[in-house]
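What follows is a single structure, written as structure tokens, with notes after it.
The values are calculated or read from the model by the stated rules, or taken from the named source; none is laboratory data. Keep in mind it's a predicted model, so treat the numbers as computed, not measured. Cβ coordinates were reconstructed from backbone atoms using ideal geometry, including for glycine residues, and neighbour counts include every protein chain displayed.
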Amino acid sequence: MSYALETKGLKRQFGAFLATNDVNLQVKQGARHALIGPNGAGKTTLINLLTGVLAPSAGRIILNGEDITETPPHQRVQKGVTRTFQINRLFNDFTPLESITLAIGERDGIGGNLWRPLSSYKPAIDEAAALLERFGLASVMGERTAILPYGKQRLLEIAIAFASGPKVLLLDEPAAGVPEDERHEVLSIVSALPADVTVVLIEHDMDLVFSFADHISVLVAGAIFAEGSVQEIAGDPRVKAVYLGESA
Ligand SMILES: Nc1ncnc2c1ncn2[C@@H]1O[C@H](COP(=O)(O)OP(=O)(O)OP(=O)(O)O)[C@@H](O)[C@H]1O
Ligand SMILES: [Mg+2]
């Protein structure tokens, strides 16, 4: 079995504290893979290791069979590893159409070239409009980002990440802060992305996780505590105990 993304014995220490403890993660090609676990379990740290923002203390990271442990972050993006952040990072004065067109320009290496005729941006603008349609943003593509409903803002962030042409999309709580009635739209759009894009999702809302994921890894205290299908994890009394322990 070849995996889209794999870690072997991945560790990360902060001083004496083990934030990532011997993680062997296996994400299948085209998976909708959820990474869950209590606050402070090490979910964001794992994403930071996968994207190269943090260096591991030990272990390997393998992308489509290629060892990328030493690969710098920007080269990982070029190889197809893209993420969004737990906290929204959009340009508020831009419109969605502008943001996506810029992202496409950056992907194609045409950003910032002042000497290109305006008409040569047309393919990028057309592609941006199609992409905004896919993300449920067509009706607001000309609005200032700042005034969009929060669910649309989070969708725009994911659309920007998607515009870079990722093979693996890492989403750190994309529905965090989104009102209840917009959350399902965010994740159902992500779930419906093309099958050649593998998605790793961090999410606390179990209803969303269970409707989104085909595979779940449960992280507790930096280590993988349980893994399996939605049925397996939803029915695992040890996993329930972890979450009940948290809310108690
Ligand atoms: N740069 C750092 N220096 C020291 N400790 C850190 C650092 N980054 C994370 N940690 C610690 O590592 C642990 C895991 O943090 P992390 O942010 O990965 O958790 P998380 O699972 O994403 O939690 P949440 O669900 O709250 O987002 C926490 O105890 C955190 O305090
Ligand atoms: Mg986090």
### Task
Evaluate region 139-147: report whether one residue or more is buried (at least 22 other Cβ atoms within 10 Å of the Cβ), touching a helix residue (DSSP H, G or I) at 6+ places or on another chain (Cβ under 8 Å) and assigned to a loop (DSSP other than H, G, I, E, B).
no
### Selection status of residue 41, surrounded by 17 or more Cβ atoms within 10 Å (Cβ to Cβ), at negative phi and more than 16 Å from ligand 2 (Cβ to nearest atom)
no
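Answer with yes or no whether residue 36 is free of Cβ contacts under 8 Å to residues at least 24 places away in the same chain, surrounded by 15 or more Cβ atoms within 10 Å (Cβ to Cβ), aliphatic (A, V, I, L, M) and touching a helix residue (DSSP H, G or I) at 6+ places or on another chain (Cβ under 8 Å).
On the way: free of Cβ contacts under 8 Å to residues at least 24 places away in the same chain: no; surrounded by 15 or more Cβ atoms within 10 Å (Cβ to Cβ): yes; aliphatic (A, V, I, L, M): yes; touching a helix residue (DSSP H, G or I) at 6+ places or on another chain (Cβ under 8 Å): yes.
When the stated conditions are applied, residue 36 does not pass them.
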## Note on the structure
Checked region 164-179 for anything among the β-branched types (Val, Ile, Thr) and touching a residue at least 40 places away in the same chain (Cβ under 8 Å); matches are 168
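Table: residues versus (1) modelled with pLDDT of 95 or more; (2) farther than 20 Å from residue 198 by Cα.
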| site | (1), (2) |
| --- | --- |
| 11 | yes, yes |
| 25 | yes, no |
| 48 | yes, no |
| 54 | yes, yes |
| 58 | yes, yes |
| 81 | yes, no |
| 87 | no, yes |
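Taking the condition of being hydroxyl-bearing (Ser, Thr, Tyr), more than 16 Å from ligand 2 (Cβ to nearest atom) and surrounded by 15 or more Cβ atoms within 10 Å (Cβ to Cβ), how many residues in region 192-242 meet it? So that I can check it myself, show each step before the final result.
Applying the first criterion (hydroxyl-bearing (Ser, Thr, Tyr)) to region 192-242 yields 198, 211, 217, 229.
Subsequent filtering for residues that are more than 16 Å from ligand 2 (Cβ to nearest atom) retains 198, 211, 229.
Right, trim to surrounded by 15 or more Cβ atoms within 10 Å (Cβ to Cβ) and you get 198.
Residues flagged as hydroxyl-bearing (Ser, Thr, Tyr), more than 16 Å from ligand 2 (Cβ to nearest atom) and surrounded by 15 or more Cβ atoms within 10 Å (Cβ to Cβ) within region 192-242 amount to 1.
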### Task
Filter region 5-28 down to the residues that are within 13 Å of ligand 1 (Cβ to nearest atom) and crowded, with 20+ Cβ neighbours inside 10 Å, then identify the one that is nearest to residue 67 (Cα to Cα).
10
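Quick one: which of 9, 15, 52 is without any contact (Cβ under 8 Å) to a residue 60 or more places away in the chain, away from ligand 2 (no atom under 16 Å from the Cβ), of a type outside the set (A, V, I, L, M) and in contact with a Gly (Cβ under 6 Å, 6 or more places away or on another chain)? First the steps, then the outcome.
Values: 15 fails: in contact with a Gly (Cβ under 6 Å, 6 or more places away or on another chain); 52 fails: in contact with a Gly (Cβ under 6 Å, 6 or more places away or on another chain).
The unique qualifying residue is 9.
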### Query
Are there any pairs with C-beta distances below 9 angstrom linking a residue in region 203-214 that is outside any helix (DSSP H, G or I) to a residue that is surrounded by 15 or more Cβ atoms within 10 Å (Cβ to Cβ) and of a type in the set (Val, Ile, Thr), with the two at least 6 apart or on different chains, and if so which?
203/36; 203/209; 204/36; 213/36; 213/230; 213/233; 214/230
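For region 161-191, which residues satisfy the criterion of being assigned to a helix (DSSP H, G or I) and of a type in the set (A, V, I, L, M)?
In the first step, residues of region 161-191 are kept if they are assigned to a helix (DSSP H, G or I); the result is 161-163, 180-191.
161, 163, 186, 187, 189, 190, listed by residue number.
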